[in-house]
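Bear in mind that the values in this text are calculations on the coordinates, not laboratory data. Note that this is a predicted model, so its numbers are computed, not measured. Here the Cβ positions follow ideal geometry from the backbone for every residue, glycine too, while neighbour counts run over all protein chains shown.
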Amino acid sequence: MAKLNLLLLLVLIVCALGLVTSRHESRKLFTQLEREQERARALDVEFGQLQLESSTWGLHSRVEKIAAGTLGMRAPDPRRVRMVQVRGEPRP
């Protein structure tokens, strides 16, 4: 009887240690998950800001302003513009 009680006590201790270990691992993984979710939210915000910045950089008015101001470009005189049609392509 004493051996059975000792065996059951040993099994109980092993189970308790397993429970404590699994709880600790679970909490550690949950903390890591929270950190990664926060990082994902920050990356989503940054992506949105970059998309906004990208659309701003490509605005027609901005490109035209830089082309005229910095590069000295201007639109050609409409009388000098010639439309060329590639053979085999239907006209719009």
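Brief remarks on what is shown
- Think of the chain as a dipole: +1 on every Lys or Arg Cβ, -1 on every Asp or Glu Cβ, centred on the Cα centre; then among Leu52, Leu29, Leu19, Leu52 lies furthest on the positive end.
- Calculated P(r) over Cα pairs in 5 Å bins from 0, in percent (choose from (1) 3, 14, 18, 19, 17, 12, 8, 5, 3, 1, 0; (2) 3, 14, 25, 26, 18, 11, 3, 1, 0; (3) 3, 9, 6, 7, 7, 7, 8, 6, 6, 5, 5, 4, 4, 4, 4, 3, 3, 3, 2, 2, 1, 0, 0), label: (3)
- Our coupling estimate for the range 38-53, obtained by passing each phi through the Karplus curve with A = 6.51, B = -1.76, C = 1.60 and θ = phi - 60°, is 5, 4, 4, 5, 5, 5, 5, 5, 4, 4, x, 5, 5, 5, 4, 5 Hz, Gly and Pro reported as x.
- Candidates Leu50, Leu29, Leu12, ranked by Gaussian network fluctuation over the chain, Cα under 10 Å, top entry: Leu12
- As a proxy for reagent exposure, ranking Met73, Met1 by other Cβ atoms within 10 Å from fewest up yields Met1, Met73.
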